[in-house]
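Some notes on the structure that comes next.
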Amino acid sequence: MQRTLIAAALGLLLALGAASIAHAQFSPGRAGAEQRSSRFERTPAGRFDYYLLALSWSPTYCAEVGAGRGDAQCSRARPFAFVLHGLWPQYERGWPQDCASPDRGFVPREVAERMLDIMPSPQLIFHSYRKHGTCSGLGVEGYFDLARQLYRKVAIPARFVALTDGDFTISPSELIDAFLAANPHLDRSMIAVSCAGSGHRLREVRICFDKSGAFRACGANENQHRLCSAERMYVPPVRPSRRSTSPLPGGVLLPGPRDDSTDDSRGDPRDGSRGEDRR
């Protein structure tokens, strides 16, 4: 009888222990709840390592997407060369986006209108602040003021201000050399070039800054071989001359393999891609 009672008591203790273990494994508890909830919390603003200023070659955007959409940026009345694609907070590897912000990513119309001379698309302006600017922690006015300040800090090589040569090609290294010559405080660690599409068209020049606005080395995101491994890039003209051919003489594609699927997020942000977007 006594042995029976002892066995029953042990069985009850084992059952309670198993139930406790099962509860610990399948109930979230405090730590589990924190992990689960953090998954759905937005990234805090201001936590990043440096800024990336992306200068988009407008004729490529217009040839590939914008002209077909009827974007004002692609109007023949005012052709653009390099325009501000965005100012993106970056980690040394990766980047934050869609951060928590008191303004919830809202850009007042008057702020957007002030940016149209260098960032000629309201849709791009709204997208850029919502996805990237909110992570700066500067607020909408501070973010776009800094974006303009850094845009003005970069001197565009003279040849690219009003390019008319419809057959113009250049290597990524030569283009970087042109920017280094025009900007003595830059070095090769601070700049990268992206290309894609037919003829390996020039898409962007990317320049890195620290949080104070000084040039600095880029992180792992701006791997030049990944962004553009072509030997030469085709640069569509700002103002095509009558003798220009397009996209290249004889429709020949330039050598240099690349995998567009790796082009960061930064496709065209106006259609929700980042290629990051990064546009």
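Read-outs throughout are calculated quantities, based only on the coordinates presented, and are distinct from any laboratory measurement. No experiment lies behind these values; they were computed from the predicted model shown. So basically every Cβ, Gly included, is an ideal-geometry build from the backbone, and we count neighbours across all protein chains shown.
Peptides 125-136, 89-100, 53-64 ordered by packing proxy, namely the average of other Cβ atoms within 10 Å per residue, highest first: 125-136, 53-64, 89-100. Annotation: amide H of R203 within the under-5 Å range of S194, C195, A196, sequence separation 5 or more or interchain, hydrogens built in the peptide plane. Multiplying the residue separation of D117 and R226 by 0.36 nm and subtracting their alpha-carbon distance yields 36.2 nm.
Our coupling estimate for region 161-172, obtained by passing each phi through the Karplus curve with A = 6.51, B = -1.76, C = 1.60 and θ = phi - 60°, is 6, 9, 4, 10, 6, x, 10, 7, 10, 7, 7, x Hz, Gly and Pro reported as x. Highest mean packing comes first when the peptides 154-160, 193-199, 172-178 are listed by Cβ atoms within 10 Å, giving 193-199, 172-178, 154-160. Per-residue 3J(HN,Hα) values for region 106-111, derived from phi via the Karplus relation 6.51 cos²θ - 1.76 cosθ + 1.60 with θ = phi - 60°, read 7, 10, x, 4, 5, 5 Hz in sequence order (x marks Gly and Pro). Annotation: extensible slack from V65 through R159 equals 31.4 nm (criterion: 0.36 nm per residue apart, minus Cα-Cα distance).
Full extension of the segment from R239 to A72, taken as 0.36 nm per residue of separation minus the current Cα-Cα distance, would add 58.6 nm.
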